[in-house]
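Colleague: Structure provided below as structure tokens; questions to follow.
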Amino acid sequence: MLRALGLQMGENMNRFDLAGITILALFPGGLAAQSGPESVIRGTKQFSKSVLTSGLAGPWEITWGPDNMLWVTERTGKRITRVNPSSGQRTVAITIDEVSAPGAQDGLLGLALHPELLKGTGNDFVYAAYSYIDQARGPNPEFADPRSPYHFLYTKIVRLTYSAASGTLSSPVNLIAGMPAGNDHQAGRLKIGPDRKLYMTKGDQGNDQLGNYCTPIQSQRLPTQEELSESNYIAYVGKSLRLNLDGSIPADNPVINGVRSHTFTYGHRNPQGLDFGPDGTVYSSEHGPKTDDEINILKPGANYGWPHVAGFKDGKAYEYARWAESSTPCSQIRFSDIAIPASVPREPESAFTKPFAEPIATMFTVPAGYNFQDPVCRGNDFICWPTVGASSVEYYGPKQSGIPGWDHVLFVTTLKRGSLYVAPLAADGQTVTGPMSRYFQSDNRYRDTAVNPDGRTLYIAADPDGQAESMAGGATQQMQDRGAILVFTYTGEGTGVPVTEAPKPSAPKSVAAAKPAGPPPQFAAVQAAEGRTAYNANCAACHGNTLTNGTFAPPLAGESFKGLWSGQTVKSLYDKARTMPPASPASLPDATYANIVAYLLETNGASAGNTPLPAGGAVLERMNIP
């Protein structure tokens, strides 16, 4: 497996030798922007690495400020923190208690600094986007269960005022509130463009998949004038937004379907990356399903095709499954990333006939028939998919003392691959001109980048937890640099020789598990059924609705689960469950955690009986997991 080059090959795919990959570097014009993962080359530029600071609570946005400090949002820490790039010393500018982060993709997200911050004009403003609880607005229509932490969860953008004297932010002003929020695909990147407008990306909420598979995707739905008059922003999912700096709708925003709203573009899945070229070109990176993470140029009023098209309209390895429209009630069928039941309507990409904007590159495209179940990943199938988890994009242009050869490139951080990808652009910034290069591979999830004004020092924010491709092969949940800001300083040019191929673990072999010493667990069937409902509401967005197809947390069924838990006490599993979700542990009733544990045990082969599993206590210590 050419893991160092970003290659994830299925059993049905041809293998590529290292010599062939090296040749690609000599002919960068010969590759399409639709290339597969085998097209990625090893970066030749050399950097030194250091850790500026670590232990941040989910560093999500990182940007260089006019005070020569790094400004960072901490997703679950609810803080905007300023970090000294020389010493790593941290200063909290504000803790926003209103932030609510019940899951893996919500909380304090995007940050944007006013162009006149600290310029003496009185516009010392900082903008932040986050999820919050708004009971006055009423229940979130996609989370009807009043027990759900998302029942009243929404998204807002606020403007804060910075005091240079105290180094603090205060005086929050709501610019727009009541936008959708959920347990998946929030996007949330925030930038101010050269046009002095505020841009934000909104994801599709992770609908039509995992725990949300019975909820339709609304990325093609456009806001109505009636909704806008009521400040109802339900249609803002799967969009990019453009706002005046006071939150109002710009007079030159596109009119789409007869309505001018904050909507700038639509038809998006999870566009986490957003940046601008010097000429105002708007770049965005977007998560694909199993293939085709996208790099797009956003143009006013354009449709980007999701969910009808992923990447290019090529009919390769993607078709739109409308789970909510199943002829068998959706609640009675089980979601699968691999096998679509006959009752679920399917739509090939060729069926979509409306105009849409194609990406300038995909990460990555594979042929139809690709094997998405590589045994190397031992049930963590998504790690072996061709997508990389493109989490941010940043334009890097010519600089007097910058990095040679990077006159027009895009930096793309990745969550799954723990790498920085560098995409070369044409001089006009409108096309990708050759294969991408891969840098800084590690057992990390890279979230965002910032560039020092010296042009030779890059900063990368790393997640504190989650799942990523392991340098040793397969998947890992052990992050190398937890919640860190990493520093990569350019030191010169290298040889361009491909790195040594990482070892590929052999496919897992069946090994007889040791027989548990204690009695088997006891739980009731009705309890496990209630546990499944609670699991889907609170856990599936991270672990997957099948317990093996989650994209953020480890599998809770199959070989991976048994290897970790077989022979351990039920008490240890129950205690672990109560540490979830990471942002708000023990936030569910104890009985709910017991029900979820009963569901996990049943799914992994334990038999239900008549005695309910208790919520804690010594009896759990005596039961062993089979």
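The values are calculated or read from the model by the stated rules, or taken from the named source; none is laboratory data. Remember, predicted model here, so these are calculated numbers, not experimental data. Glycine gets a Cβ as well: all are built from the backbone with ideal geometry, and neighbour counts include every protein chain shown. Heavy atoms of the whole protein, side chains included, go into the accessibility calculation; ligands, DNA and RNA do not. Shrake-Rupley method; radii C 1.70, N 1.55, O 1.52, S 1.80 Å.
Colleague: Provide the per residue accessible area, probe 1.4 Å, for the chain, rounded to a whole number of square angstrom.
Modeller: 38 Å²
Colleague: Which values of log₁₀ I(q)/I(0), to two decimal places, follow from the Debye formula for region 205-289 at q = 0.14, 0.15, 0.16, 0.24 Å⁻¹ with a uniform point scatterer at every Cα?
Modeller: Debye intensities relative to I(0), on a log10 scale: -0.55, -0.63, -0.71, -1.26.
Colleague: Of all accessible surface on the chain at a 1.4 Å probe, what whole percent is carbon and sulfur?
Modeller: Of all accessible area on the chain, carbon and sulfur atoms account for 51 percent.
Colleague: Using r as the Cβ-Cβ distance of residue 228 and residue 373, and R0 as 45 Å, what FRET efficiency do you calculate, to the nearest 0.05? Don't skip to the end; give the middle numbers.
Modeller: Numbers: r = 45 Å, r/R0 = 1.00.
It comes to 0.50.
Colleague: Give me the Debye-computed log₁₀ of I(q)/I(0) at q = 0.19, 0.27 Å⁻¹ for region 53-107, equal point scatterers on Cα only, no solvent, two decimals.
Modeller: Each listed q maps to, in turn, -0.61, -1.07.
Colleague: Can you list the aspartates and glutamates whose alpha carbon sits under 20 Å from that of residue 571, skipping same-chain ones fewer than 8 residues off?
Modeller: Excluding near neighbours in sequence, the set is 530, 590, 602, 621.
Colleague: Trypsin sites (Lys or Arg not before Pro) within region 145-214: which are DSSP loop residues with at most 14 other Cβ atoms inside 10 Å?
Modeller: 147, 196
Colleague: Largest first and in whole Å, give the semi-axes of region 61-174's equivalent ellipsoid, each being the square root of 5 times a Cα gyration tensor eigenvalue. Please list the in-between numbers first.
Modeller: On the way: eigenvalues 176, 46, 20 Å².
They are 30, 15, 10 Å, listed from largest to smallest.
Colleague: Still on this structure: Which FRET efficiency, nearest 0.05, do residue 248 and residue 338 yield, Cβ-Cβ r, R0 56 Å?
Modeller: Calculated value: 0.75.
Colleague: Please report, in cubic angstrom per residue, the volume enclosed by the convex hull of the alpha-carbon atoms of region 145-194. All intermediate terms of the calculation are to be shown ahead of the outcome.
Modeller: Values: hull volume 6.5 nm³, N = 50.
Taking only Cα atoms, region 145-194 has a hull volume of 131 Å³ per residue.
Colleague: Here's something else I'd like to know. D for region 441-491, whole µm²/s, Stokes-Einstein with Kirkwood Rh over alpha-carbon pairs at 4 °C and 1.567 mPa s: what number? All intermediate terms of the calculation are to be shown ahead of the outcome.
Modeller: On the way: Rh = 11.6 Å.
Diffusion coefficient, whole number: 112 µm²/s.
Colleague: How big is the C-alpha Rg of region 149-294 next to the rule-of-thumb value 2.2 N^0.38 Å, as a ratio?
Modeller: That ratio works out to 1.08.
Colleague: For a quick check of understanding: with a 1.4 angstrom probe and all protein chains in place, what accessible area in square angstrom does residue 228 have, to the nearest ten?
Modeller: Counting only protein heavy atoms, residue 228 exposes about 30 Å² to solvent.
Colleague: Determine the relative contact order of the chain: mean sequence separation of Cα pairs under 8 Å and six or more apart, normalised by residue count, in whole percent.
Modeller: Across the chain, relative contact order equals 14 percent.
Colleague: With every protein chain left in place, what is the accessible area of residue 92 in Å² (1.4 Å probe, nearest 10)?
Modeller: Residue 92 exposes around 70 Å² with every protein chain in place.
Colleague: Let me ask something else about it. For region 524-626, list log₁₀ I(q)/I(0) at each q in 0.11, 0.12, 0.22 Å⁻¹, using the Debye formula over Cα point scatterers of equal strength and ignoring solvent, two decimals each.
Modeller: For region 524-626 at q = 0.11, 0.12, 0.22 Å⁻¹, log10 I(q)/I(0) is -0.28, -0.33, -1.28.
Colleague: Rg (Å, one decimal) plus Dmax (Å, integer) for the alpha carbons of region 355-434?
Modeller: That works out to 15.8, 48 Å for Rg and Dmax.
Colleague: Could you state the orientation-averaged shadow area of the convex hull built on the Cα atoms of region 407-451, in nm² to one decimal?
Modeller: 3.4 nm²
Colleague: Another question, if that's okay. Mean shadow of region 110-175, computed from the convex hull of its alpha carbons, in nm²?
Modeller: Directional mean of the projected Cα hull area for region 110-175 stands at 5.6 nm².
Colleague: Then there's this: Based on the Cβ-Cβ distance from residue 615 to residue 564, what FRET efficiency comes out when R0 is 35 Å, to the nearest 0.05?
Modeller: Taking R0 as 35 Å, the efficiency between residue 615 and residue 564 is 0.95.
Colleague: State, to one decimal in nm², a quarter of the convex hull surface area for the C-alpha atoms of the chain, i.e. the direction-averaged projected area. Walk me through the intermediate numbers first.
Modeller: Details: hull surface 112.6 nm².
Computed as one quarter of the Cα hull surface, the answer is 28.1 nm².
Colleague: OK, next. Normalised radius of gyration for region 354-503, please: alpha carbon Rg relative to 2.2 N^0.38 Å, two decimal places.
Modeller: So region 354-503 has a normalised radius of gyration of 1.11.
Colleague: If 334, 75, 221 are ordered by their accessible area, calculated over protein heavy atoms with a 1.4 Å probe, which sequence runs from highest to lowest?
Modeller: Details: 334 110, 75 25, 221 85 Å².
Largest accessible area first, the residues go 334, 221, 75.
Colleague: Another one. What Kirkwood hydrodynamic radius, in Å, does region 226-343 give when the mean of 1/r is taken over all pairs of distinct Cα atoms and then inverted? List each step's numbers first, then the result.
Modeller: Working: mean 1/r = 0.0607 Å⁻¹.
That comes to 16.5 Å for region 226-343.
Colleague: Once you measure Cβ to Cβ distances between cysteines in the chain, which Cys have no partner under 4.7 Å?
Modeller: 539, 542
Colleague: What whole-number value in cubic angstrom gives the convex hull volume per residue for the C-alpha atoms of region 33-127?
Modeller: For region 33-127, the hull spanned by Cα atoms encloses 184 Å³ per residue.
Colleague: Could you order 377, 539 so the one with the most accessible surface comes first? Probe is 1.4 Å.
Modeller: If we order 377, 539 from most to least accessible, we get 539, 377.
Colleague: Among the lysines, which have Cα under 21 Å from the Cα of residue 239 when same-chain residues fewer than 8 positions away are ignored?
Modeller: 156, 191, 197, 202, 290, 299, 313, 354
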